[in-house]
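Below: one structure, written as structure tokens.
The values are calculated or read from the model by the stated rules, or taken from the named source; none is laboratory data. Every value quoted in this text rests on a predicted model; they were computed, and no experiment measured them. A quick note on method: Cβ atoms are made from the backbone with ideal geometry, for glycine too, and the neighbour counts reach across all protein chains shown. Ligands, DNA and RNA are stripped out before the accessible areas are found, and what is left, the full protein with its side chains, is counted by its heavy atoms. Shrake-Rupley method; radii C 1.70, N 1.55, O 1.52, S 1.80 Å.
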Amino acid sequence: MDFELRKAREKLEREQRERVQRAKAKADRERRAKAEAARRRDALEASHRERRLDAARAQEEAQQKMEEVMQLGKGVSFSHMFEALPYDGPGDKIKLPPSSFKELSDEGALDKGPMYFRLSKVSDRVPGAPQEQDADEATCCGVLEFTAREGSAELTPHVWNNLFQGDSPDVPLIEVRYVSLPKGTYAKLKPEGVGFSDLPNHRAVLETALRNHATLSENDIVVVNYGQLQYKLKVLELKPASSVSVLETDVEVDIEGPDSVLDNVENEHVLVPLETGKVESGVVEEGRFRYYKFLLDEGMGEKVASGRASIEVKIETDTRGGDTDIYVSRHPLVFPTQHRHEWSSHEMGSKILILKPRDASLVSGTYSIGVYGFKGTTNYQLSVAIKDVITSQRIGEQASASSSVDVDSVVCKNCKRYISSRTSLLHEAYCVRHNVVCTHDGCGVVLRKEEAADHVHCNKCGQAFQQREMEKHMKVFHEPLQCPCGVVLEKEDMVQHQSSTCPLRLIVCRFCGDTVQAGGEPLDARDRLRDMCEHESICGSRTAPCDSCGRSVMLKDMDIHVIAVHQKS
């Protein structure tokens, strides 16, 4: 009996303990569930709060960006993404689609003067992520016209190369934003190579290149063309801002010297200074040029113009090496070539070239010497000297008297010279045995018989040369040359062509004063009669107010207007 009661009590106590444990476990589960629910609720509230902050921050940034756009554009808000397309054109004026013109017109941009835009690359980044624009990935420009296809912007080589420096993306996307730029007052530029400062009036050449530009930005590369040569200048500093307008403003330009030095510049268009009376040593490779320059002051120029002195260019070469040619020109022709020069010498080996100016009023100034490697690598020594010309009337009279013909003289049947009749038989016997006369038409040179085989004439021009010089003569003077304008001529005709009729020749415009390419013949017959080239015909069509009456007259008609209206000669 006691056993059964004890067993029942133990069973009851065990059941009570199990109920307590289940209740405790249930309470723990409920507590953990409430804690998890509270944690989730807090996390959700934090997430909503962060989203609200992000939205507010994004809205604030958008408003700030809009305010910046409005401030940069002075009330004009224009910012679009376009696909960049290249097109061949001068300067920095791009082409935009017609829809941009309508939007800018609605914004009132046309009433604010010239339009300027800031172009920046669009990087491949996560949408919505903040993007910091690198200064090297942006540039400014003007607009030429609104004829590009929708969704694209056409960029000139200047804008394209400055925006996509060293890379060409498959799908170049750019952001075009309207901005208002201040007028520039100061610019510091630096050539990337040597030789730009050697150009005559290089500041005017730079000014001509900048006429096609509407803006300048720091770190931009400006390309200046001078004939067939091309120079690159980097914009180091601008005032009063990092991007400025260069339209209708006077900009003070400061040009720094390049980092390069005059070492190992055989392949560059560089003028090495050469002092008169001093010898300059150098080496030139076949097909290459080495350029030098020397200055002739007014005193020496007057002396040369009067005939009391002469300019002598001398080059001595190593006979064991190759061969050279010399080409000389007077500025503004800076770099003489095989078919653009004023004086030249093509003799083999060492040579002396005497410069005889065509115009006595154009003697003093800067001269350029081009040493051309005709064959092989040649070591040479170059010098320029001013030699006094010694003239004496007495010596001339003696020479004239000594050259008079004796009454007793007879003509040698072989060499056609006047010989004394007393020794004529002896002379003719000796002359026939040792001398021979060249039978080429117009030559008649008397040669030693052992030298006759080496005396040859060119089949094309008839000039006489030694046999070893004929190959060089044919290559220099009769090998067809192609002008960059497409004309194929021989050397003599090419020199005439490039100095008078080539559309790519450089001239000093009589109206703008710049050194520019001449172009072809003008369309106006009157301009052709006035010996104008195509550039002068177009440049002279600009109008300017007359100093006497104030009327707007074309520059090329200003002289006629002054004579016809104001009776001034």
_I'm trying to understand the selection: among the residues of region 367-383, which are surrounded by fewer than 16 Cβ atoms within 10 Å (Cβ to Cβ), more than 11 Å from I315 (Cα to Cα) and among the polar types (S, T, N, Q)?_
T377
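Could you tell me whether V304 is under 28 Å from the mean Cα position of the chain (by Cα), surrounded by 13 or more Cβ atoms within 10 Å (Cβ to Cβ) and at pLDDT below 90?
Working: under 28 Å from the mean Cα position of the chain (by Cα): no; surrounded by 13 or more Cβ atoms within 10 Å (Cβ to Cβ): yes; at pLDDT below 90: yes.
For V304, the condition - under 28 Å from the mean Cα position of the chain (by Cα), surrounded by 13 or more Cβ atoms within 10 Å (Cβ to Cβ) and at pLDDT below 90 - is not met.
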*Go through region 193-214 and give me each residue that's of a type in the set (D, E) and within 16 Å of Y291 (Cβ to Cβ).*
D198
_Tabulated pairs, region 518-543, first under 26 Å from Y226 (Cβ atoms), second aromatic (F, W, Y), C-beta under 7 angstrom, 6+ apart or interchain_ = E536/F511; C539/F511; G540/F511
*Taking region 230-250, which residues are under 24 Å from V194 (Cβ atoms) and either open to solvent by 50 Å² or more (accessible area, probe 1.4 Å) or part of a loop (DSSP other than H, G, I, E, B) (or both)?*
Q230, K232, K234, L236, E237
*Check whether at least one residue in region 401-420 is open to solvent by less than 70 Å² (accessible area, probe 1.4 Å), of a type in the set (S, T, N, Q) and part of a strand (DSSP E or B), and report yes or no.*
yes
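Picking from K475, K449, K460, which residue would you name as being within 30 Å of V432 (Cα to Cα), open to solvent by 40 Å² or more (accessible area, probe 1.4 Å) and of a type in the set (K, R)? Working first, answer last.
Values: K475 fails: within 30 Å of V432 (Cα to Cα); K460 fails: within 30 Å of V432 (Cα to Cα).
Being within 30 Å of V432 (Cα to Cα), open to solvent by 40 Å² or more (accessible area, probe 1.4 Å) and of a type in the set (K, R) holds for just one of K475, K449, K460, which is K449.
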*Could you give me the residue pairs with C-beta distances under 9 Å whose first residue belongs to region 187-205 and is free of Cβ contacts under 8 Å to residues at least 60 places away in the same chain, whose second residue is not in a loop (DSSP other than H, G, I, E, B) wherever it lies, and which are 6+ apart or on separate chains?*
H202/F196; H202/V224; H202/Y226; H202/Y231; H202/I255; R203/V253; R203/I255
*Exactly one of (1) modelled with pLDDT of 90 or more; (2) within 20 Å of D297 (Cα to Cα) is unmet by I326. Its number?*
(2)
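Does any residue of region 161-168 turn out to be farther than 22 Å from P90 by Cβ, surrounded by fewer than 20 Cβ atoms within 10 Å (Cβ to Cβ) and free of Cβ contacts under 8 Å to residues at least 40 places away in the same chain? Please lay out each step first, then the result.
Of all residues in region 161-168, those farther than 22 Å from P90 by Cβ come to 166-167.
Checking the rest, the ones that are also surrounded by fewer than 20 Cβ atoms within 10 Å (Cβ to Cβ) come to 166-167.
Checking the rest, the ones that are also free of Cβ contacts under 8 Å to residues at least 40 places away in the same chain come to 166-167.
Yes, region 161-168 contains at least one residue that is farther than 22 Å from P90 by Cβ, surrounded by fewer than 20 Cβ atoms within 10 Å (Cβ to Cβ) and free of Cβ contacts under 8 Å to residues at least 40 places away in the same chain.
For region 267-316, name all the residues that are assigned to a loop (DSSP other than H, G, I, E, B) and within 20 Å of H346 (Cα to Cα). Talk me through it step by step, then tell me what you get.
The first filter runs over region 267-316 and keeps only residues assigned to a loop (DSSP other than H, G, I, E, B), leaving 267-270, 274-278, 285-288, 297, 306-308.
Scanning region 267-316 gives E285, E286, G287, R288.
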*Is there any pair linking a residue in region 107-118 that is touching a residue at least 40 places away in the same chain (Cβ under 8 Å) to one that is aromatic (F, W, Y), with Cβ under 6 Å and at least six apart or on different chains, and which?*
F117/Y178
*Out of all the residues in region 348-360, which are open to solvent by 30 Å² or more (accessible area, probe 1.4 Å) and in contact (Cβ under 8 Å) with a residue 24 or more places away in the chain?*
M348, S350, I352, I354, K356, P357, A360
